[in-house]
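Enquirer: Right, I'll just put the structure down here and ask away after.
The values are calculated or read from the model by the stated rules, or taken from the named source; none is laboratory data. As the structure is a prediction and not an experimental result, all values here were calculated from the model. Cβ coordinates were reconstructed from backbone atoms using ideal geometry, including for glycine residues, and neighbour counts include every protein chain displayed. Please note that ligands, DNA and RNA were not included when accessible areas were found on the heavy atoms of the full protein model with its side chains. Shrake-Rupley method; radii C 1.70, N 1.55, O 1.52, S 1.80 Å.
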Amino acid sequence: MKKALCAQVLCLAVLFGCLVGSAFAQRGEFVPPAKSGARKPIVDAPFVKASEVTDQVTDNELVLGVVIEGQARAYPINMLTGPSREIINDQMGRTNFAATW
Amino acid sequence: MYGRDVQGKTLTFAVSGQLWNASLVMIDLETRSLWSHILGECVHGPLKGEKLPQLIADTMTWKAWRNEHPDTTVLNLSRSSKDYGAEFYTKPERFAYGFVVDGKHFHATFATLRESPVQNLTLNGQRLLLTFDPESTAARLFSRRLDDRVLAFVAADNGLIRDEQTGSMWNRTRGIAVAGPLKGKQLDHEPAIITLTRKWTLFHEDSTEILEKQQP
């Protein structure tokens, strides 16, 4: 009974140590984990003209907007959230850029 | 919003599946280097230490963006969230407008921007103008130096701002003088990012929060 309790306390202590340790590890240098869970990149995403937008985007929702080489482009935040999105690899004119959220 | 040409290579970024300081870590497929989204900097791998050029981007309502840029194109993917924007309106203190002046970090929450929508700032000797337009929810950072003078601004009617030196009227989101002696002149935009306040302060513990109206 006592042994089991000791083991539990030790487990908790180790767990706590790991949590604290990882929190500190995050402060300084970035240390990547061994396994990579990278998602597929988004390239060649579809775009439409403002005049073609019907119900995809509502007036009061937020967009991320950029003007590059005189061309304007908007990315509705509601299309950028979640781990399968977050980065759109894009280009306009001769500028290669990434819209990120 | 970042440029993605580094050392003559165009990089393709993907979500790495990792987080650092509760924030997105990106991976480039060309070198498998890992990049911090908030810092715009490579934190691991062959390109470690490289920085991505930051592009000037804005966050505002679709209606305001479309009015400002009638010829805009717009991303056309399915929705990944239903109404992310709602929190931006109901909990503006959770969102921050962050920027760097001579290596020092500054931020203002959108709650402060709503309270003080026209701020003349002097930060590290740089004369800056921070504006917020409640109609479009756009925040902007400009230089107050124009040619040989330094301007100071006050809020005026119809959402415009007026400079105290010449009395010209300016559009506060575009930084363009629309009436008066300086009509047609444009202030220089300064880059800034919109992010969650807790993420900004986690990355930049020393960031100075801009709280209220300061004297120019």
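Enquirer: Which value, in debye to the nearest 20, describes the size of the charge dipole of the range B:62-209 about its Cα centre when Lys and Arg Cβ atoms bear +1, Asp and Glu Cβ atoms bear -1, and nothing else is charged? All intermediate terms of the calculation are to be shown ahead of the outcome.
Expert: Working: 20 positive and 19 negative charges, 59 e Å.
Value, rounded to 20: 280 debye.
Enquirer: Where the accessible area of the range B:5-44 is counted over protein heavy atoms with a 1.4 Å probe, how much of it, in %, is carbon and sulfur? Present the calculation step by step, with values, prior to reporting the outcome.
Expert: On the way: 650 of 1320 Å².
Carbon plus sulfur share of accessible area: 49 percent.
Enquirer: When the accessible area of each residue in the range A:81-96 is compared between its chain alone and the complete protein assembly (1.4 Å probe; ligands, DNA and RNA ignored), which residues differ by at least 20 Å², being lower in the assembly?
Expert: Residues meeting the cut-off: A:Thr81, A:Arg85, A:Glu86, A:Ile87, A:Asn89, A:Asn96.
Enquirer: Then there is this: List the residues whose amide H sits under 5 Å from the amide H of A:Glu61, counting only those 5 or more places along or on another chain, with H placed 1.01 Å from N in the peptide plane.
Expert: B:Trp62, B:Lys63
Enquirer: Continuing with this model, one more query. Rounded to a whole number, what % of the accessible area of the range B:62-209 do carbon and sulfur atoms account for, probe 1.4 Å?
Expert: On the way: 3030 of 6920 Å².
Result for the range B:62-209: 44 percent of the exposed heavy-atom area is carbon or sulfur.
Enquirer: Please list, in order along the range B:131-147, the HN-Hα scalar couplings obtained from phi with the Karplus expression 6.51 cos²θ - 1.76 cosθ + 1.60 (θ = phi - 60°), rounded to whole Hz, x for Gly and Pro.
Expert: Each residue's phi maps through the Karplus curve to give 10, 9, 10, x, 5, 9, 6, 8, 9, 8, 10, 10, 7, 8, 7, 10, 6 Hz.
Enquirer: Quote the total accessible area buried by chains B and A together, excluding ligands, DNA and RNA, probe 1.4 Å, nearest 100 Å².
Expert: On the way: alone 12440 and 8910 Å², together 15920 Å².
That pair hides around 5400 Å² of surface in total.
Enquirer: Please work out how much length the chain gains when fully extended from B:Asp188 to B:Leu29, using 0.36 nm per residue of separation minus the C-alpha to C-alpha distance, in nm with one decimal. Mind dumping the intermediate values first?
Expert: Working: separation 159, 0.36 × 159 = 57.24 nm, distance 3.48 nm.
Working it through step by step, the gained length comes to 53.8 nm.
Enquirer: Each residue of the range B:28-40 in order: what ³J(HN,Hα) in whole Hz does its phi give by Karplus 6.51 cos²θ - 1.76 cosθ + 1.60, θ = phi - 60°, with x for Gly and Pro?
Expert: 9, 6, 6, 10, 6, 6, 10, 10, 7, 5, 6, 7, x
Enquirer: Another one. Taking the solvent-accessible surface of protein heavy atoms with a 1.4 Å probe, what is the per residue accessible area of the protein assembly as shown in Å²?
Expert: Details: 15920 Å² over 317 residues.
Per residue, the protein assembly as shown has an accessible area of 50 Å².
Enquirer: OK, next. From the residues B:Gln186, B:Ser116, B:Phe106, which one has its Cα farthest along the dipole of the range B:81-216 in the positive direction, the dipole being from +1 and -1 charges on Cβ of Lys/Arg and Asp/Glu about the Cα centre?
Expert: Checked the options; the winner is B:Gln186.
Enquirer: Continuing with the same structure: Is the shape of the range B:62-209 rounded, prolate or oblate, going by the alpha carbon gyration tensor and its root eigenvalues a ≥ b ≥ c, with a/c under 1.5 for rounded and a/b larger than b/c for prolate?
Expert: On the way: a/c = 1.97, a/b = 1.25, b/c = 1.58.
Note, shape of the range B:62-209 comes out oblate.
Enquirer: Next up: Counting helices only, and only those DSSP H runs with n ≥ 4, report the 222 nm mean residue ellipticity of chain B as the sum of -39,500 (n - 2.57) divided by its residues, in deg cm²/dmol to the nearest 500. Please list the in-between numbers first.
Expert: Numbers: 4 runs with 26 residues, N = 216.
Theoretical 222 nm ellipticity from helices: -3000 deg cm²/dmol.
Enquirer: Apply the Karplus parameterisation 6.51 cos²θ - 1.76 cosθ + 1.60, with θ equal to phi minus 60°, to every residue of the range A:77-83 and state each ³J(HN,Hα) to the nearest whole Hz, in sequence, with x for glycine and proline.
Expert: Going residue by residue, I get 4, 5, 9, 10, 7, x, x Hz, with x marking Gly and Pro.
Enquirer: Oh, and also: May I ask you to find the residues of the range B:19-33 that are shielded by at least 10 Å² of accessible area once the whole protein assembly is considered instead of their isolated chain (probe 1.4 Å)?
Expert: Flagged in the range B:19-33: B:Leu19, B:Trp20, B:Asn21, B:Leu24, B:Met26, B:Ile27, B:Leu29, B:Arg32.
Enquirer: Size of the dipole of the protein assembly as shown about the Cα centre, Lys and Arg at +1 and Asp and Glu at -1 on the beta carbon, nothing else charged, in debye to 20?
Expert: Working: 36 positive and 35 negative charges, 175 e Å.
I would put it at about 840 debye.
Enquirer: Take each of the peptides A:56-63, B:154-161, B:77-84, average the number of other beta-carbon atoms within 10 Å over its residues, and list them starting from the highest.
Expert: Working: A:56-63: 19.8, B:154-161: 13.0, B:77-84: 14.6.
In descending order of packing, they fall as A:56-63, B:77-84, B:154-161.
Enquirer: Once you order the gyration tensor axes a ≥ b ≥ c over the Cα atoms, which shape class does the range A:49-101 get: rounded for a/c under 1.5, otherwise prolate or oblate by comparing a/b with b/c?
Expert: Values: a/c = 2.23, a/b = 1.17, b/c = 1.92.
Taking the square roots of the gyration eigenvalues as a ≥ b ≥ c, the range A:49-101 is oblate.
Enquirer: Further, regarding this structure: In the range A:44-72, which residues give up 50 Å² or more of accessible area once the other protein chains are added, compared with their chain alone (1.4 Å probe)?
Expert: The answer is A:Pro46, A:Val48, A:Ala50, A:Asp59, A:Leu62, A:Val63, A:Gly65, A:Ala72 - residues whose exposure falls by at least 50 Å² when every protein chain is included.
Enquirer: Using amide H atoms built in the peptide plane, which far-off residues or other-chain residues are under 5 Å from B:Gln126 H to H?
Expert: Under 5 Å from the amide H of B:Gln126 lies no amide H from a residue far enough along the sequence or on another chain.
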